[in-house]
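Before any comments, here is the structure.
The values are calculated or read from the model by the stated rules, or taken from the named source; none is laboratory data. Owing to the predicted nature of the structure, the values given are computational and were not obtained by experimental measurement. When we count neighbours, we look across all protein chains shown, and the Cβ atoms used for this are built from the backbone with ideal geometry, even at glycine. We work out accessible area using only protein heavy atoms, side chains counted, and drop any ligands, DNA or RNA first. Shrake-Rupley method; radii C 1.70, N 1.55, O 1.52, S 1.80 Å.
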Number of protein chains: 2
Amino acid sequence: MLPAQPNQSLIDGLSVLQALAGSGKSIGSRELARMLDMEPTKANRLLKTLAAIGVAQQQPDKKYAPGPGMHVLSAQSLHGSGLIRQAVPHLETLKAPGMIVAMGVLWRDKTCYLYHANHDTPTHVAMGAAELYPASMSGIGLVMLASLQNQQVRDLYHNHDIAGFENVSALIKQLKEIREQGYAVANPENKFTTVALGLGDNPTYAAIALSSRQMNPSQINSAVEQLKEARQLIKSQRGEG
Amino acid sequence: MLPAQPNQSLIDGLSVLQALAGSGKSIGSRELARMLDMEPTKANRLLKTLAAIGVAQQQPDKKYAPGPGMHVLSAQSLHGSGLIRQAVPHLETLKAPGMIVAMGVLWRDKTCYLYHANHDTPTHVAMGAAELYPASMSGIGLVMLASLQNQQVRDLYHNHDIAGFENVSALIKQLKEIREQGYAVANPENKFTTVALGLGDNPTYAAIALSSRQMNPSQINSAVEQLKEARQLIKSQRGEG
DNA sequence: AAGCATGTTGCTATATTAGCACCATCTATT
DNA sequence: AATAGATGGTGCTAATATAGCAACATGCTT
(Lines give C-alpha, C1' and ligand atoms only; values in the text may rest on other atoms or scores of the structure.)
Protein backbone atom coordinates (compact mmCIF):
# COMPACT_ATOMS: atom_id res chain seq x y z
CA MET A 1 0.00 0.00 0.00
CA LEU A 2 1.19 3.49 -0.76
CA PRO A 3 2.44 5.63 2.12
CA ALA A 4 0.74 8.87 3.09
CA GLN A 5 3.24 10.70 0.95
CA PRO A 6 4.47 8.44 -1.84
CA ASN A 7 7.50 9.49 -3.79
CA GLN A 8 6.39 9.79 -7.38
CA SER A 9 9.86 10.56 -8.70
CA LEU A 10 11.15 7.29 -7.32
CA ILE A 11 8.28 5.38 -8.88
CA ASP A 12 8.90 6.98 -12.26
CA GLY A 13 12.64 6.52 -11.94
CA LEU A 14 12.26 2.84 -11.26
CA SER A 15 9.93 2.45 -14.22
CA VAL A 16 12.69 3.89 -16.32
CA LEU A 17 15.19 1.55 -14.70
CA GLN A 18 12.97 -1.47 -15.33
CA ALA A 19 12.42 -0.48 -18.91
CA LEU A 20 16.14 -0.03 -19.41
CA ALA A 21 16.96 -3.36 -17.79
CA GLY A 22 14.25 -5.16 -19.72
CA SER A 23 14.91 -3.68 -23.12
CA GLY A 24 18.13 -5.57 -23.65
CA LYS A 25 19.60 -2.85 -25.81
CA SER A 26 20.60 0.76 -25.46
CA ILE A 27 17.80 3.22 -25.75
CA GLY A 28 17.34 6.95 -26.31
CA SER A 29 15.46 9.23 -23.98
CA ARG A 30 12.65 10.20 -26.35
CA GLU A 31 12.23 6.62 -27.43
CA LEU A 32 11.91 5.56 -23.82
CA ALA A 33 9.54 8.42 -23.13
CA ARG A 34 7.22 7.11 -25.81
CA MET A 35 7.44 3.58 -24.45
CA LEU A 36 6.43 4.69 -21.00
CA ASP A 37 4.07 7.44 -22.15
CA MET A 38 6.16 9.97 -20.31
CA GLU A 39 7.10 13.54 -21.05
CA PRO A 40 10.48 13.49 -22.89
CA THR A 41 12.19 16.06 -20.67
CA LYS A 42 11.33 14.02 -17.63
CA ALA A 43 12.59 10.79 -19.17
CA ASN A 44 15.80 12.49 -20.16
CA ARG A 45 16.43 13.87 -16.70
CA LEU A 46 15.68 10.58 -15.01
CA LEU A 47 17.99 8.74 -17.39
CA LYS A 48 20.76 11.24 -16.92
CA THR A 49 20.36 10.99 -13.16
CA LEU A 50 20.59 7.20 -13.38
CA ALA A 51 23.68 7.59 -15.51
CA ALA A 52 25.27 9.99 -13.05
CA ILE A 53 25.06 7.44 -10.25
CA GLY A 54 26.30 4.62 -12.48
CA VAL A 55 23.13 2.58 -12.68
CA ALA A 56 22.86 3.47 -16.34
CA GLN A 57 25.62 4.56 -18.64
CA GLN A 58 25.57 6.80 -21.60
CA GLN A 59 27.19 5.49 -24.72
CA PRO A 60 29.16 7.41 -27.32
CA ASP A 61 25.99 7.71 -29.44
CA LYS A 62 24.30 9.36 -26.43
CA LYS A 63 21.86 6.51 -25.92
CA TYR A 64 21.54 4.87 -22.53
CA ALA A 65 22.44 1.32 -21.51
CA PRO A 66 22.40 -0.51 -18.18
CA GLY A 67 25.48 0.47 -16.20
CA PRO A 68 27.70 -1.21 -13.64
CA GLY A 69 25.44 -0.12 -10.80
CA MET A 70 22.68 -2.25 -12.21
CA HIS A 71 24.94 -5.27 -12.06
CA VAL A 72 25.88 -4.39 -8.54
CA LEU A 73 22.24 -4.09 -7.59
CA SER A 74 21.55 -7.36 -9.29
CA ALA A 75 24.44 -9.19 -7.68
CA GLN A 76 23.71 -7.81 -4.25
CA SER A 77 20.05 -8.67 -4.38
CA LEU A 78 20.76 -12.16 -5.66
CA HIS A 79 23.21 -12.60 -2.86
CA GLY A 80 21.31 -10.70 -0.22
CA SER A 81 18.05 -12.57 -0.44
CA GLY A 82 19.86 -15.87 -0.59
CA LEU A 83 16.93 -17.24 -2.54
CA ILE A 84 18.90 -18.35 -5.55
CA ARG A 85 21.81 -19.64 -3.55
CA GLN A 86 19.58 -21.72 -1.32
CA ALA A 87 17.07 -22.89 -3.87
CA VAL A 88 19.14 -23.69 -6.94
CA PRO A 89 20.91 -26.78 -5.57
CA HIS A 90 17.57 -28.36 -4.73
CA LEU A 91 16.04 -27.37 -8.04
CA GLU A 92 18.89 -29.00 -9.88
CA THR A 93 18.12 -32.35 -8.25
CA LEU A 94 14.67 -32.20 -9.86
CA LYS A 95 16.11 -32.06 -13.35
CA ALA A 96 15.12 -34.99 -15.53
CA PRO A 97 14.83 -35.61 -19.27
CA GLY A 98 11.65 -34.09 -20.69
CA MET A 99 11.06 -32.12 -17.52
CA ILE A 100 11.33 -28.36 -17.08
CA VAL A 101 12.24 -27.07 -13.64
CA ALA A 102 11.46 -23.45 -12.84
CA MET A 103 11.39 -20.89 -10.08
CA GLY A 104 9.78 -17.50 -10.43
CA VAL A 105 8.04 -14.55 -8.86
CA LEU A 106 4.95 -12.54 -9.66
CA TRP A 107 5.69 -9.20 -11.24
CA ARG A 108 2.53 -7.15 -11.79
CA ASP A 109 0.42 -9.50 -13.94
CA LYS A 110 3.41 -11.42 -15.24
CA THR A 111 5.46 -14.35 -14.06
CA CYS A 112 9.17 -13.57 -14.06
CA TYR A 113 11.36 -16.65 -14.16
CA LEU A 114 14.46 -16.54 -11.97
CA TYR A 115 15.43 -20.05 -12.93
CA HIS A 116 14.21 -21.99 -15.92
CA ALA A 117 15.93 -25.18 -17.03
CA ASN A 118 15.46 -28.50 -18.68
CA HIS A 119 17.81 -31.34 -17.91
CA ASP A 120 20.69 -30.12 -20.06
CA THR A 121 20.54 -26.36 -19.46
CA PRO A 122 23.75 -25.02 -17.92
CA THR A 123 23.22 -23.27 -14.60
CA HIS A 124 24.28 -19.84 -15.77
CA VAL A 125 21.73 -19.94 -18.58
CA ALA A 126 19.00 -21.19 -16.26
CA MET A 127 19.71 -18.27 -13.93
CA GLY A 128 19.72 -15.74 -16.74
CA ALA A 129 16.20 -16.56 -17.78
CA ALA A 130 14.18 -13.47 -16.83
CA GLU A 131 11.43 -14.27 -19.30
CA LEU A 132 8.08 -12.60 -18.62
CA TYR A 133 4.96 -14.69 -19.18
CA PRO A 134 1.30 -13.93 -18.43
CA ALA A 135 0.77 -14.96 -14.82
CA SER A 136 -2.69 -16.37 -15.46
CA MET A 137 -1.25 -18.88 -17.90
CA SER A 138 1.66 -20.12 -15.82
CA GLY A 139 1.55 -22.46 -12.86
CA ILE A 140 3.92 -20.26 -10.91
CA GLY A 141 1.81 -17.22 -11.69
CA LEU A 142 -1.40 -18.90 -10.58
CA VAL A 143 0.12 -20.00 -7.29
CA MET A 144 1.42 -16.50 -6.64
CA LEU A 145 -1.94 -14.97 -7.58
CA ALA A 146 -3.65 -17.39 -5.22
CA SER A 147 -1.53 -16.02 -2.40
CA LEU A 148 -3.06 -12.58 -2.92
CA GLN A 149 -6.42 -11.50 -1.64
CA ASN A 150 -9.24 -11.51 -4.18
CA GLN A 151 -9.48 -7.74 -4.10
CA GLN A 152 -5.80 -7.42 -4.95
CA VAL A 153 -6.34 -9.74 -7.90
CA ARG A 154 -9.28 -7.66 -9.07
CA ASP A 155 -7.20 -4.49 -8.82
CA LEU A 156 -4.36 -6.11 -10.71
CA TYR A 157 -6.58 -6.95 -13.67
CA HIS A 158 -8.76 -3.88 -13.47
CA ASN A 159 -9.54 -3.01 -17.09
CA HIS A 160 -7.13 -5.63 -18.43
CA ASP A 161 -7.82 -8.81 -20.28
CA ILE A 162 -6.78 -11.97 -18.50
CA ALA A 163 -4.97 -14.41 -20.75
CA GLY A 164 -6.67 -17.79 -20.57
CA PHE A 165 -9.73 -16.63 -18.62
CA GLU A 166 -13.04 -15.09 -19.61
CA ASN A 167 -13.09 -12.63 -16.73
CA VAL A 168 -11.82 -11.97 -13.21
CA SER A 169 -14.49 -14.09 -11.58
CA ALA A 170 -13.44 -17.15 -13.52
CA LEU A 171 -9.84 -16.58 -12.46
CA ILE A 172 -10.80 -16.09 -8.83
CA LYS A 173 -12.82 -19.28 -8.89
CA GLN A 174 -9.74 -21.19 -9.96
CA LEU A 175 -7.57 -19.41 -7.40
CA LYS A 176 -9.98 -20.60 -4.69
CA GLU A 177 -9.42 -24.17 -5.85
CA ILE A 178 -5.66 -23.66 -5.81
CA ARG A 179 -5.78 -22.33 -2.26
CA GLU A 180 -7.74 -25.38 -1.18
CA GLN A 181 -5.50 -28.00 -2.73
CA GLY A 182 -2.29 -26.08 -2.01
CA TYR A 183 -0.82 -26.27 -5.50
CA ALA A 184 -1.62 -25.15 -9.03
CA VAL A 185 -1.91 -27.11 -12.23
CA ALA A 186 -1.80 -25.23 -15.51
CA ASN A 187 -2.28 -26.46 -19.04
CA PRO A 188 -1.34 -23.66 -21.35
CA GLU A 189 -2.07 -24.53 -24.98
CA ASN A 190 -3.13 -27.99 -23.81
CA LYS A 191 0.28 -29.34 -24.60
CA PHE A 192 2.32 -28.96 -21.45
CA THR A 193 1.19 -29.58 -17.92
CA THR A 194 2.74 -27.46 -15.20
CA VAL A 195 2.51 -28.15 -11.49
CA ALA A 196 3.50 -25.32 -9.16
CA LEU A 197 3.95 -24.75 -5.44
CA GLY A 198 4.44 -21.54 -3.46
CA LEU A 199 7.47 -20.82 -1.26
CA GLY A 200 6.94 -19.05 2.05
CA ASP A 201 3.64 -17.93 3.42
CA ASN A 202 2.71 -14.38 4.19
CA PRO A 203 4.18 -13.34 1.94
CA THR A 204 4.63 -16.04 -0.66
CA TYR A 205 7.88 -14.72 -2.07
CA ALA A 206 8.37 -17.12 -4.97
CA ALA A 207 7.10 -20.35 -6.46
CA ILE A 208 8.66 -23.45 -7.95
CA ALA A 209 7.30 -25.62 -10.72
CA LEU A 210 7.73 -28.77 -12.74
CA SER A 211 6.50 -28.94 -16.28
CA SER A 212 6.37 -31.61 -18.94
CA ARG A 213 4.33 -32.94 -21.81
CA GLN A 214 0.73 -33.69 -20.79
CA MET A 215 0.76 -35.33 -17.35
CA ASN A 216 -1.82 -37.82 -16.14
CA PRO A 217 -3.20 -37.57 -12.58
CA SER A 218 -0.65 -39.94 -11.09
CA GLN A 219 2.20 -38.05 -12.72
CA ILE A 220 0.76 -34.84 -11.33
CA ASN A 221 0.72 -36.34 -7.87
CA SER A 222 4.28 -37.45 -8.20
CA ALA A 223 5.33 -33.96 -9.32
CA VAL A 224 3.54 -32.44 -6.33
CA GLU A 225 5.41 -34.76 -4.00
CA GLN A 226 8.76 -33.92 -5.55
CA LEU A 227 8.03 -30.23 -5.29
CA LYS A 228 6.92 -30.55 -1.67
CA GLU A 229 10.13 -32.30 -0.82
CA ALA A 230 12.19 -29.60 -2.54
CA ARG A 231 10.18 -26.93 -0.77
CA GLN A 232 10.86 -28.54 2.57
CA LEU A 233 14.59 -28.64 1.87
CA ILE A 234 14.67 -25.02 0.73
CA LYS A 235 12.63 -23.92 3.73
CA SER A 236 14.87 -25.59 6.25
CA GLN A 237 17.95 -24.19 4.55
CA ARG A 238 16.46 -20.71 4.73
CA GLY A 239 15.79 -21.18 8.42
CA GLU A 240 12.03 -21.17 8.04
CA GLY A 241 11.68 -24.82 8.73
CA MET B 1 27.70 13.88 -15.04
CA LEU B 2 24.57 15.22 -13.42
CA PRO B 3 21.87 16.67 -15.66
CA ALA B 4 20.77 20.27 -15.42
CA GLN B 5 17.98 19.19 -13.15
CA PRO B 6 18.98 16.02 -11.29
CA ASN B 7 16.30 14.08 -9.52
CA GLN B 8 17.33 13.93 -5.88
CA SER B 9 14.46 11.70 -4.83
CA LEU B 10 15.55 9.06 -7.27
CA ILE B 11 19.12 9.23 -6.02
CA ASP B 12 18.01 8.88 -2.42
CA GLY B 13 15.57 6.13 -3.30
CA LEU B 14 18.26 4.12 -5.02
CA SER B 15 20.57 4.56 -2.04
CA VAL B 16 17.85 3.02 0.04
CA LEU B 17 17.41 0.25 -2.50
CA GLN B 18 21.14 -0.46 -2.55
CA ALA B 19 21.31 -0.51 1.21
CA LEU B 20 18.38 -2.87 1.36
CA ALA B 21 19.83 -5.17 -1.27
CA GLY B 22 23.24 -5.13 0.34
CA SER B 23 22.21 -5.58 3.93
CA GLY B 24 21.22 -9.20 3.50
CA LYS B 25 18.61 -9.01 6.20
CA SER B 26 15.37 -7.16 6.81
CA ILE B 27 15.77 -3.68 8.15
CA GLY B 28 13.64 -1.06 9.88
CA SER B 29 13.16 2.43 8.56
CA ARG B 30 14.83 4.29 11.43
CA GLU B 31 17.71 1.84 11.42
CA LEU B 32 18.20 2.44 7.72
CA ALA B 33 17.89 6.18 8.22
CA ARG B 34 20.80 6.07 10.64
CA MET B 35 22.86 3.94 8.28
CA LEU B 36 22.42 6.42 5.45
CA ASP B 37 22.41 9.51 7.65
CA MET B 38 18.94 10.35 6.42
CA GLU B 39 15.93 11.90 8.08
CA PRO B 40 13.74 9.03 9.40
CA THR B 41 10.48 10.27 7.87
CA LYS B 42 12.12 10.38 4.48
CA ALA B 43 13.57 6.90 4.82
CA ASN B 44 10.22 5.57 5.89
CA ARG B 45 8.39 7.09 2.96
CA LEU B 46 10.97 5.91 0.45
CA LEU B 47 10.84 2.40 1.88
CA LYS B 48 7.08 2.34 1.83
CA THR B 49 7.08 3.57 -1.74
CA LEU B 50 9.50 0.82 -2.70
CA ALA B 51 7.26 -1.66 -0.94
CA ALA B 52 4.17 -0.38 -2.74
CA ILE B 53 5.70 -1.10 -6.13
CA GLY B 54 6.98 -4.50 -5.03
CA VAL B 55 10.70 -3.79 -5.07
CA ALA B 56 10.75 -4.12 -1.30
CA GLN B 57 8.29 -5.97 0.87
CA GLN B 58 7.18 -5.34 4.36
CA GLN B 59 7.30 -8.26 6.71
CA PRO B 60 4.90 -9.09 9.54
CA ASP B 61 7.25 -7.37 12.00
CA LYS B 62 6.98 -4.23 9.83
CA LYS B 63 10.60 -4.33 8.78
CA TYR B 64 11.52 -4.17 5.12
CA ALA B 65 13.15 -6.84 2.99
CA PRO B 66 14.01 -7.05 -0.72
CA GLY B 67 10.85 -7.86 -2.65
CA PRO B 68 10.03 -9.72 -5.84
CA GLY B 69 10.58 -6.61 -7.93
CA MET B 70 14.21 -6.60 -6.93
CA HIS B 71 14.58 -10.12 -8.22
CA VAL B 72 12.87 -9.09 -11.41
CA LEU B 73 15.20 -6.15 -11.79
CA SER B 74 18.11 -8.40 -11.07
CA ALA B 75 17.05 -11.11 -13.47
CA GLN B 76 16.25 -8.66 -16.22
CA SER B 77 19.51 -6.82 -15.90
CA LEU B 78 21.50 -10.05 -15.82
CA HIS B 79 19.66 -11.20 -18.89
CA GLY B 80 19.46 -7.85 -20.62
CA SER B 81 23.12 -7.00 -20.58
CA GLY B 82 24.03 -10.52 -21.59
CA LEU B 83 27.33 -10.06 -19.80
CA ILE B 84 26.98 -13.03 -17.51
CA ARG B 85 25.48 -15.27 -20.13
CA GLN B 86 28.25 -14.53 -22.59
CA ALA B 87 31.17 -14.41 -20.22
CA VAL B 88 30.56 -17.25 -17.78
CA PRO B 89 31.18 -20.13 -20.20
CA HIS B 90 34.59 -18.71 -21.06
CA LEU B 91 35.42 -17.98 -17.44
CA GLU B 92 34.65 -21.54 -16.52
CA THR B 93 37.27 -22.83 -18.95
CA LEU B 94 39.89 -20.88 -16.97
CA LYS B 95 39.14 -22.78 -13.80
CA ALA B 96 42.09 -24.75 -12.45
CA PRO B 97 43.15 -26.08 -9.04
CA GLY B 98 44.60 -23.33 -6.89
CA MET B 99 43.36 -20.66 -9.26
CA ILE B 100 40.59 -18.16 -8.61
CA VAL B 101 38.65 -16.88 -11.59
CA ALA B 102 36.69 -13.66 -11.20
CA MET B 103 34.72 -11.05 -13.06
CA GLY B 104 33.63 -7.77 -11.54
CA VAL B 105 32.77 -4.13 -11.96
CA LEU B 106 33.78 -0.92 -10.25
CA TRP B 107 31.18 0.41 -7.84
CA ARG B 108 32.18 3.75 -6.36
CA ASP B 109 35.54 2.93 -4.76
CA LYS B 110 34.82 -0.78 -4.44
CA THR B 111 35.13 -3.79 -6.66
CA CYS B 112 31.89 -5.75 -6.88
CA TYR B 113 32.36 -9.34 -7.95
CA LEU B 114 29.77 -10.69 -10.36
CA TYR B 115 31.53 -14.02 -10.60
CA HIS B 116 34.06 -15.41 -8.18
CA ALA B 117 35.08 -19.06 -8.27
CA ASN B 118 37.85 -21.49 -7.60
CA HIS B 119 37.95 -24.78 -9.44
CA ASP B 120 35.27 -26.50 -7.38
CA THR B 121 32.79 -23.66 -6.83
CA PRO B 122 29.36 -24.46 -8.29
CA THR B 123 28.20 -21.93 -10.87
CA HIS B 124 25.24 -20.65 -8.88
CA VAL B 125 27.51 -19.85 -5.93
CA ALA B 126 30.07 -18.18 -8.19
CA MET B 127 27.34 -15.98 -9.62
CA GLY B 128 25.94 -15.08 -6.22
CA ALA B 129 29.20 -13.59 -5.05
CA ALA B 130 28.51 -9.85 -4.82
CA GLU B 131 31.32 -9.26 -2.39
CA LEU B 132 32.58 -5.69 -2.14
CA TYR B 133 36.32 -5.19 -1.85
CA PRO B 134 38.41 -1.98 -1.92
CA ALA B 135 39.07 -1.29 -5.58
CA SER B 136 42.62 -0.11 -4.97
CA MET B 137 43.52 -3.50 -3.56
CA SER B 138 42.00 -5.69 -6.25
CA GLY B 139 43.28 -6.35 -9.74
CA ILE B 140 39.85 -5.86 -11.21
CA GLY B 141 39.43 -2.61 -9.33
CA LEU B 142 42.80 -1.27 -10.50
CA VAL B 143 42.04 -2.07 -14.11
CA MET B 144 38.67 -0.37 -13.86
CA LEU B 145 40.22 2.64 -12.12
CA ALA B 146 42.81 2.85 -14.87
CA SER B 147 40.01 3.19 -17.39
CA LEU B 148 38.88 6.41 -15.71
CA GLN B 149 40.47 9.79 -16.20
CA ASN B 150 42.85 10.91 -13.48
CA GLN B 151 40.51 13.67 -12.41
CA GLN B 152 37.69 11.18 -11.94
CA VAL B 153 39.96 9.07 -9.77
CA ARG B 154 40.87 12.11 -7.68
CA ASP B 155 37.19 12.97 -7.25
CA LEU B 156 36.40 9.40 -6.25
CA TYR B 157 38.93 9.43 -3.44
CA HIS B 158 38.47 13.05 -2.48
CA ASN B 159 38.86 13.09 1.30
CA HIS B 160 39.02 9.31 1.52
CA ASP B 161 41.87 7.05 2.44
CA ILE B 162 43.03 4.74 -0.32
CA ALA B 163 43.59 1.20 0.89
CA GLY B 164 47.08 0.09 -0.06
CA PHE B 165 48.31 3.49 -1.20
CA GLU B 166 49.81 6.47 0.58
CA ASN B 167 47.85 9.03 -1.43
CA VAL B 168 46.09 9.66 -4.73
CA SER B 169 49.28 10.48 -6.56
CA ALA B 170 50.79 7.10 -5.75
CA LEU B 171 47.65 5.41 -7.03
CA ILE B 172 47.60 7.47 -10.21
CA LYS B 173 51.23 6.62 -10.83
CA GLN B 174 50.37 2.94 -10.75
CA LEU B 175 47.31 3.46 -12.93
CA LYS B 176 49.54 5.05 -15.55
CA GLU B 177 51.65 1.91 -15.56
CA ILE B 178 48.55 -0.25 -15.90
CA ARG B 179 47.33 1.77 -18.87
CA GLU B 180 50.69 1.33 -20.55
CA GLN B 181 50.99 -2.42 -20.11
CA GLY B 182 47.28 -3.05 -20.62
CA TYR B 183 46.74 -5.18 -17.54
CA ALA B 184 46.98 -4.93 -13.77
CA VAL B 185 48.88 -7.00 -11.26
CA ALA B 186 47.90 -6.78 -7.61
CA ASN B 187 49.48 -8.31 -4.56
CA PRO B 188 47.18 -7.71 -1.66
CA GLU B 189 48.71 -8.91 1.59
CA ASN B 190 51.70 -10.20 -0.39
CA LYS B 191 50.19 -13.63 -0.44
CA PHE B 192 48.08 -13.80 -3.56
CA THR B 193 48.92 -12.43 -6.95
CA THR B 194 46.05 -11.23 -9.11
CA VAL B 195 46.24 -10.47 -12.80
CA ALA B 196 43.35 -8.52 -14.31
CA LEU B 197 42.21 -7.34 -17.72
CA GLY B 198 39.46 -4.89 -18.73
CA LEU B 199 36.51 -5.78 -20.95
CA GLY B 200 35.30 -3.23 -23.49
CA ASP B 201 36.78 0.16 -24.08
CA ASN B 202 35.02 3.44 -23.64
CA PRO B 203 33.51 2.49 -21.35
CA THR B 204 35.31 -0.43 -19.77
CA TYR B 205 32.20 -2.11 -18.43
CA ALA B 206 33.79 -4.94 -16.45
CA ALA B 207 37.06 -6.74 -15.84
CA ILE B 208 38.19 -10.35 -15.52
CA ALA B 209 40.96 -11.73 -13.36
CA LEU B 210 42.99 -14.76 -12.42
CA SER B 211 44.41 -15.08 -8.96
CA SER B 212 46.59 -17.59 -7.21
CA ARG B 213 49.32 -17.97 -4.60
CA GLN B 214 52.37 -15.78 -5.37
CA MET B 215 53.03 -15.90 -9.11
CA ASN B 216 56.45 -15.51 -10.68
CA PRO B 217 56.90 -13.37 -13.84
CA SER B 218 56.43 -16.26 -16.24
CA GLN B 219 53.27 -17.37 -14.47
CA ILE B 220 52.00 -13.81 -14.70
CA ASN B 221 52.65 -13.79 -18.42
CA SER B 222 50.83 -17.02 -18.83
CA ALA B 223 47.85 -15.68 -16.88
CA VAL B 224 47.79 -12.57 -19.07
CA GLU B 225 47.72 -14.71 -22.17
CA GLN B 226 44.88 -16.84 -20.85
CA LEU B 227 42.90 -13.75 -19.96
CA LYS B 228 43.51 -12.15 -23.34
CA GLU B 229 42.24 -15.26 -25.02
CA ALA B 230 39.12 -15.32 -22.86
CA ARG B 231 38.56 -11.62 -23.54
CA GLN B 232 38.77 -12.20 -27.26
CA LEU B 233 36.19 -14.98 -27.06
CA ILE B 234 33.84 -12.90 -24.93
CA LYS B 235 34.24 -9.90 -27.21
CA SER B 236 33.42 -11.79 -30.34
CA GLN B 237 30.43 -13.40 -28.68
CA ARG B 238 29.17 -9.99 -27.67
CA GLY B 239 29.57 -8.78 -31.21
CA GLU B 240 32.35 -6.34 -30.39
CA GLY B 241 34.99 -8.34 -32.07
C1' DA C 1 20.41 22.36 -48.37
C1' DA C 2 16.31 21.33 -46.09
C1' DG C 3 13.72 18.67 -43.08
C1' DC C 4 13.26 15.97 -39.21
C1' DA C 5 14.49 13.54 -35.03
C1' DT C 6 17.29 13.55 -31.13
C1' DG C 7 19.67 15.02 -26.56
C1' DT C 8 19.79 18.79 -23.72
C1' DT C 9 18.93 23.15 -21.23
C1' DG C 10 16.56 27.59 -19.13
C1' DC C 11 12.75 29.22 -17.14
C1' DT C 12 8.72 29.73 -13.93
C1' DA C 13 4.20 28.06 -12.27
C1' DT C 14 3.00 24.35 -9.77
C1' DA C 15 3.06 20.19 -7.48
C1' DT C 16 5.90 17.69 -4.24
C1' DT C 17 8.87 16.87 -0.54
C1' DA C 18 11.08 18.06 4.13
C1' DG C 19 10.83 17.62 8.66
C1' DC C 20 8.72 18.85 12.96
C1' DA C 21 5.31 17.36 16.25
C1' DC C 22 2.57 13.85 17.20
C1' DC C 23 0.13 9.23 17.72
C1' DA C 24 -0.20 4.16 18.26
C1' DT C 25 2.11 0.11 19.14
C1' DC C 26 5.51 -2.92 20.81
C1' DT C 27 9.35 -4.45 24.04
C1' DA C 28 12.09 -4.31 27.90
C1' DT C 29 12.71 -2.62 32.43
C1' DT C 30 11.35 -1.31 36.92
C1' DA D 1 1.31 -3.46 36.20
C1' DA D 2 3.28 0.66 35.15
C1' DT D 3 6.85 3.12 32.81
C1' DA D 4 10.28 4.41 29.57
C1' DG D 5 12.13 4.06 25.22
C1' DA D 6 12.19 2.50 20.62
C1' DT D 7 9.69 1.90 16.40
C1' DG D 8 6.42 2.55 12.20
C1' DG D 9 3.48 5.80 10.56
C1' DT D 10 0.78 10.36 9.61
C1' DG D 11 -0.78 15.49 9.21
C1' DC D 12 0.52 19.81 8.37
C1' DT D 13 2.79 23.89 6.10
C1' DA D 14 6.99 26.18 4.61
C1' DA D 15 10.33 25.49 1.47
C1' DT D 16 11.86 23.22 -2.50
C1' DA D 17 12.27 20.48 -6.55
C1' DT D 18 9.95 19.03 -10.54
C1' DA D 19 6.86 19.62 -14.84
C1' DG D 20 6.66 20.87 -19.22
C1' DC D 21 6.88 24.43 -22.66
C1' DA D 22 9.91 26.67 -25.84
C1' DA D 23 14.21 26.69 -27.65
C1' DC D 24 19.03 25.36 -29.22
C1' DA D 25 22.66 22.37 -31.01
C1' DT D 26 23.70 18.33 -33.31
C1' DG D 27 23.32 14.49 -36.35
C1' DC D 28 20.96 11.74 -39.92
C1' DT D 29 18.12 11.30 -44.15
C1' DT D 30 16.12 12.98 -48.13
Counting only protein heavy atoms and using a 1.4 Å probe, what share of the accessible area of segment A:8-71 belongs to carbon plus sulfur, as a whole percent?
47
Would you mind calculating the gained length between residue A:187 and residue A:228 on full extension (0.36 nm times residue separation, minus the Cα-Cα distance), in nm to one decimal?
12.8 nm
If one takes the longest principal axis of the Cα atoms in chain B, at what angle in degrees, from 0 to 90 and to the nearest 10, does the Cα axis of helix B:68-81 lie?
30
For chain A, modelled as a GNM with alpha-carbon contacts under 10 angstrom, which of A:81, A:211, A:138 fluctuates the most?
A:81
For segment B:201-219, residues shielded by at least 20 square angstrom of accessible area compared with the chain on its own, probe 1.4 Å:
B:202, B:203, B:205
Rounded if a/c under 1.5, otherwise prolate or oblate - segment B:8-71, Cα gyration tensor axes:
rounded
Specify the inter-centroid distance of segment A:176-212 and segment B:111-161, based on alpha-carbon positions, in whole Å.
40
State, to one decimal in nm and shortest first, how far the label point of residue B:216 sits from each corresponding label point in the other identical copies (label point: 7 angstrom along Cα-to-Cβ).
6.8
Using a 1.4 Å probe on protein heavy atoms, which residues of segment A:114-128 have at least 10 Å² less accessible area in the complex than alone?
A:114, A:123, A:124, A:125, A:127, A:128
Any idea how many Lys pairs in segment B:82-237 come in under 28 angstrom at the alpha carbon, given 8 or more places apart or on separate chains?
15
Sites removed, the longest contiguous part of chain A containing no DSSP-loop trypsin sites (Lys or Arg not before Pro) with at most 13 other Cβ within 10 Å is A:63-190
Sorting from shortest, the nanometre distances separating the label point of residue A:98 (7 Å past Cα along the line to Cβ) from those of the same residue in the other copies are 4.8
Select from B:66, B:134, B:217 the residue whose mean-square fluctuation is largest in a Gaussian network model of chain B (Cα-Cα springs shorter than 10 Å).
B:217
Name the GluC sites (Glu not before Pro) in segment B:170-241 that are in a loop by DSSP and that have at most 16 other C-beta atoms within 10 Å, would you?
B:240
Give the angle, between 0 and 90 degrees and rounded to the nearest 10, that separates the Cα long axis of helix B:40-52 from the longest principal axis of the Cα atoms of chain B.
80
Per residue solvent-accessible surface (Å²) - segment A:8-71, probe of 1.4 Å:
41
Rounded to one decimal in nm, the spacing of the 7 Å Cα→Cβ label points at residue B:148 and residue A:25 is 3.2
Gaussian network model of chain A, Cα within-10 Å springs - most flexible of A:206, A:19, A:126
A:19
Evaluate the distance, in nm, between pseudo-label points positioned 7 Å from the Cα of residue A:120 and of residue B:108 along their respective Cα→Cβ axes.
4.6
Using a 10 Å cut-off around each Cβ of peptide A:45-55, what is the average number of partner chain Cβ atoms that fall inside?
6
Hey, for residue B:176 with labels 7 Å out along Cα-Cβ, what do the inter-copy distances come to in nm, ordered shortest first?
7.8
Say a paramagnetic label sat at a point 7 Å from the Cα of residue A:95, along Cα to Cβ; which residues of segment B:120-147 have their backbone N under 18 Å from it?
B:120-128
Between the Cα axis of helix A:8-23 and the main Cα principal axis of chain A, the angle (0 to 90°, nearest 10) is 70
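For the A and B pair, go ahead and give the buried accessible area with a 1.4 Å probe, both sides summed, in Å² to 100.
The summed interface area works out to 5800 Å².
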